[in-house]
Ligand SMILES: Cc1ncc(COP(=O)(O)O)c(C=O)c1O
């Protein structure tokens, strides 16, 4: 392969030429709270089949706001996730975070571990739809209801995922999606909060603009989290072609699964009644015994000009900021984070590049 294969490129190539629309925004002088925010919000509400969609400037601010409004004493979350799942809770004043292990096959929060944990009343559980794989919403809701707790989902990876034929987004108290450039659908930067709770939605809307109702009288400590019209335009136009973006991603994952030798590799398990976005496609090489061996393989891939990522290594309970807390029973989390490798998947990735990556990986183990 002559050219290096990057880990990702934002999926903006299939968008139609938006020069006229950009010019229209610039000429209008309406750069916020305009037509594209309205269009994008309406289209998402319909697509996700949820009562309220709140556009924000990032997934991070969406999560921060939710923790701030719900104000729980304790939060339960997986450690096998991006740091923002935890830092947003910490930022909002939550100082009791309990990390729960993941399922060894689905890599989402382990239901049995949640059950045996014994959730304290009035807590928040924040499962993560990891790499787009929907969590078991029904069972998690039961556990939360039994402890008068709320479930919010870190849905950063899962715009376009489905669960029992329903789009991910309407389950739980609220969900937060990310629209950053690594996602299947991007608006360059941005986030979406979804909720069927109208009162919660109203407070979140105030918080998007510093926490006032339009009269400059602060009633809740908000910040500025508005999405610009330019970002909303990119997001809206991407949403119009989301099936095309998703189909491409699925066919790339199918190619990897066809090409990679399953004697050497295993993949994330997606249940029959779920559809993942495959925001990331990850492999676990079965014979790897340690992180060092995994890192040797990554060096080999780098020498072959293939960029990969090790999401999510280190898991959050090993981050310097969180590692001194009392963490236990995170066996699957630790085992997976030592072994995982995420392969390139992005709209403009070529079939021959997938064949090449698969060949390099198969040959590495076929020694
Ligand atoms: C699991 C998870 N949560 C939250 C975020 C934060 O989203 P954003 O980058 O839009 O702030 C990310 C970002 O990729 C993520 O992967």
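The values are calculated or read from the model by the stated rules, or taken from the named source; none is laboratory data. Being a predicted model, the structure only gives us computed values, none of them experimental. Glycine also receives a Cβ, built like all others from the backbone with ideal geometry; neighbour counts cover every protein chain displayed.
Pairs only if they're at least six apart or on different chains, beta carbon under 9 angstrom, first in segment 207-230 and touching a residue at least 40 places away in the same chain (Cβ under 8 Å), second exposed (fewer than 12 other Cβ atoms within 10 Å of the Cβ) and part of a loop (DSSP other than H, G, I, E, B); list them, first residue then second.
Taking only residues 6 or more apart or on different chains, the pairs are 207/221.
Do we have any residue at all in segment 83-90 that's away from the ligand (no atom under 12 Å from the Cβ) and more than 13 Å from residue 152 (Cβ to Cβ)?
Within segment 83-90, one or more residues are away from the ligand (no atom under 12 Å from the Cβ) and more than 13 Å from residue 152 (Cβ to Cβ).
What do you reckon, is residue 102 within 16 Å of the ligand (Cβ to nearest atom) and farther than 25 Å from residue 209 by Cβ?
The answer is yes for residue 102.
Among the candidates 188, 201, single out the residue that is touching a helix residue (DSSP H, G or I) at 6+ places or on another chain (Cβ under 8 Å) and either touching a residue at least 12 places away in the same chain (Cβ under 8 Å) or assigned to a loop (DSSP other than H, G, I, E, B) (or both).
Answer to the selection: 188.
Looking at residue 278 and the list (1) surrounded by 13 or more Cβ atoms within 10 Å (Cβ to Cβ); (2) farther than 29 Å from residue 100 by Cβ, which single condition is not satisfied?
The failed condition is (2).
Residues in segment 55-64: is at least one within 21 Å of the chain's Cα centre (by Cα), surrounded by 15 or more Cβ atoms within 10 Å (Cβ to Cβ) and more than 16 Å from the ligand (Cβ to nearest atom)? So that I can check it myself, show each step before the final result.
Within segment 55-64, the first condition is being within 21 Å of the chain's Cα centre (by Cα), and the residues that meet it are 55-64.
Then drop every residue that is not surrounded by 15 or more Cβ atoms within 10 Å (Cβ to Cβ), which leaves 55-64.
Remaining after also requiring more than 16 Å from the ligand (Cβ to nearest atom): none.
Checked segment 55-64: no residue is within 21 Å of the chain's Cα centre (by Cα), surrounded by 15 or more Cβ atoms within 10 Å (Cβ to Cβ) and more than 16 Å from the ligand (Cβ to nearest atom).
Residues of segment 110-150 being more than 16 Å from the ligand (Cβ to nearest atom) and under 20 Å from the mean Cα position of the chain (by Cα), which ones? Talk me through it step by step, then tell me what you get.
Keep residues of segment 110-150 that are more than 16 Å from the ligand (Cβ to nearest atom), which gives 110-123, 136-150.
Within segment 110-150, 110, 111, 136, 137, 138, 140, 141, 150 qualify.
Would you check if residue 45 is modelled with pLDDT of 95 or more, within 30 Å of residue 344 (Cα to Cα) and surrounded by fewer than 23 Cβ atoms within 10 Å (Cβ to Cβ)?
The answer is no for residue 45.
Would you say residue 255 is part of a strand (DSSP E or B), more than 15 Å from the ligand (Cβ to nearest atom) and more than 15 Å from residue 159 (Cα to Cα)?
Working: part of a strand (DSSP E or B): no; more than 15 Å from the ligand (Cβ to nearest atom): yes; more than 15 Å from residue 159 (Cα to Cα): yes.
No: the conditions fail for residue 255.
So that you can scan it fast, the table gives a plain yes or no per residue for (1) within 16 Å of the ligand (Cβ to nearest atom); (2) out of contact with any helix residue (DSSP H, G or I) (no Cβ under 8 Å at 6 or more places or on another chain); (3) in the same structural domain as residue 164 (by TED's automatic domain parsing):
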| residue | (1), (2), (3) |
| --- | --- |
| 295 | no, yes, no |
| 298 | no, yes, no |
| 310 | yes, no, no |
| 324 | no, yes, no |
| 341 | no, no, no |
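Please determine, by comparing only the residues of segment 151-185 that are surrounded by fewer than 22 Cβ atoms within 10 Å (Cβ to Cβ) and over 16 Å from residue 231 (Cα atoms), which one is farthest from the ligand (Cβ to nearest atom).
The qualifying residue farthest from the ligand (Cβ to nearest atom) is 165.
Please go through (1) away from the ligand (no atom under 16 Å from the Cβ); (2) over 17 Å from residue 274 (Cα atoms); (3) surrounded by fewer than 22 Cβ atoms within 10 Å (Cβ to Cβ) for residue 188 and return the number of the only condition it doesn't satisfy.
Against the list (1) away from the ligand (no atom under 16 Å from the Cβ); (2) over 17 Å from residue 274 (Cα atoms); (3) surrounded by fewer than 22 Cβ atoms within 10 Å (Cβ to Cβ), residue 188 comes up short only on (1).
Name the helices (runs of 4 or more DSSP H) wholly inside segment 289-366 in which the number of residues that are within 19 Å of the chain's Cα centre (by Cα) is 3 or more.
331-339
What's the number of the condition residue 2 fails, among (1) under 21 Å from the mean Cα position of the chain (by Cα); (2) part of a loop (DSSP other than H, G, I, E, B)?
Among (1) under 21 Å from the mean Cα position of the chain (by Cα); (2) part of a loop (DSSP other than H, G, I, E, B), the lone unmet condition for residue 2 is (1).
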